[in-house]
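Colleague: Quick one: the structure is below, and I'll ask about it shortly.
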Amino acid sequence: MERSRLLFVCLGNICRSPAAEGVFLHHLQLRGLEQSFSVDSAGTGNWHAGQPADARMRAAAAGRGIHLPSRARQIVVADLDQFDHILTMDDDNLAAVQAMSRGRRSRAQIRPITQHCRLHRVREVPDPYYGGADGFEGVLDLLEDACTGLLDDLLATGTPWKPSPSER
Ligand code: 4NP
């Protein structure tokens, strides 16, 4: 069966969505499921294209043993058919991706990542860019909840392919 393809989307693609990508990858690795998913992230804006994740977010993630491999890029219309699920961080990102998909028949299901939270009751992942270190930790707490919930929800619906032990 094909891999399930996920795209995480925020505004700049240097804080929240690369963190979501890294957190999700980290939990895939913990469960030996890297082969079952393709994971990427993008921004609705292009100001930071080509840049690694923000150093403050990389440091906060490293404190939890999480590596953020992303280089920023802007979302393109083709992504709507290249991915199965597009997970947005806030209302603006959601509206921007929905506007791109308007009038098209896209493959991707588009929704806020917070829909998968088990512990947090919030609609948006707050933008930590202009705030202090607490903001980055808070975003990671929220994304750990959302990403583990997302992984459990996707596994429960049976979409991804699970490798046999010999294929790992
Ligand atoms: P992100 O955070 O959307 O989580 O990557 C931001 C990064 C940069 C800017 C805004 C938000 N900016 O305005 O440059």
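The values are calculated or read from the model by the stated rules, or taken from the named source; none is laboratory data. Keep in mind that what you see is a predicted model, and the values were worked out from it rather than measured. Cβ: placed from backbone, ideal geometry, glycine included. Neighbour counts: every protein chain shown. Quick note on the areas: whole protein, heavy atoms, side chains included, nothing else; ligands and nucleic acids left out. Shrake-Rupley method; radii C 1.70, N 1.55, O 1.52, S 1.80 Å.
Colleague: If you take every residue apart from H120 with its C-beta less than 11 Å away from the C-beta of H120, what net charge results, scoring Lys and Arg +1 and Asp and Glu -1? Don't skip to the end; give the middle numbers.
Modeller: Numbers: positive: R118, R121, R123; negative: E124, D141, E144, D145.
Value of the local net charge: -1.
Colleague: How big is D for the chain, in µm² s⁻¹ as a whole number, if Stokes-Einstein is applied with the Kirkwood radius of its Cα pairs at 20 °C and 1.002 mPa s?
Modeller: 135 µm²/s
Colleague: With the other protein chains left in place, how much accessible area per residue, in square angstrom, belongs to segment 10-168 at a 1.4 angstrom probe?
Modeller: On a per-residue basis, 49 Å².
Colleague: Taking the Cα atoms of segment 51-120, report the difference between the largest and smallest coordinate on each principal axis, in whole Å and largest first.
Modeller: Principal-axis extents of segment 51-120 (Cα, largest first): 43, 31, 20 Å.
Colleague: Right, another one. With the crude spin-label approximation of a point 7 Å out along Cα→Cβ, what separation in nm comes out for D153 versus R31?
Modeller: Result: 1.3 nm between the two label points.
Colleague: Residue by residue through segment 33-44, what is 3J(HN,Hα) from phi via Karplus (6.51 cos²θ - 1.76 cosθ + 1.60, θ = phi - 60°)? Round to whole Hz and write x for glycine and proline.
Modeller: Along segment 33-44, the couplings run 10, 4, 6, 8, 9, 10, 10, 8, 9, 7, x, 6 Hz.
Colleague: When DSSP beta bridges are limited to those with both residues in segment 4-167, what percentage is antiparallel, rounded to the nearest 5?
Modeller: Among the beta bridges of segment 4-167, antiparallel pairing accounts for roughly 5 percent.
Colleague: Step through the residues of segment 95-100 one at a time and calculate ³J(HN,Hα) from phi using the Karplus curve (6.51 cos²θ - 1.76 cosθ + 1.60, θ = phi - 60°), rounding each to whole Hz and writing x for Gly and Pro.
Modeller: Rounded to whole hertz, the list is 5, 5, 6, 5, 5, 5.
Colleague: Then there's this: Taking all protein chains as present, what is the carbon and sulfur share of the accessible area of the chain, in % to the nearest whole number, probe 1.4 Å?
Modeller: 50 percent
Colleague: Quick one: net charge around A53, please, counting Lys, Arg +1 and Asp, Glu -1 for every other residue with C-beta under 10 Å from its C-beta.
Modeller: Cβ neighbours under 10 Å give a net charge of +2.
Colleague: If a paramagnetic tag sat 7 Å from the Cα of Q82 along the Cα-Cβ line, which residues of segment 4-31 would have the backbone N under 11 Å from that point?
Modeller: From segment 4-31, the list is 7.
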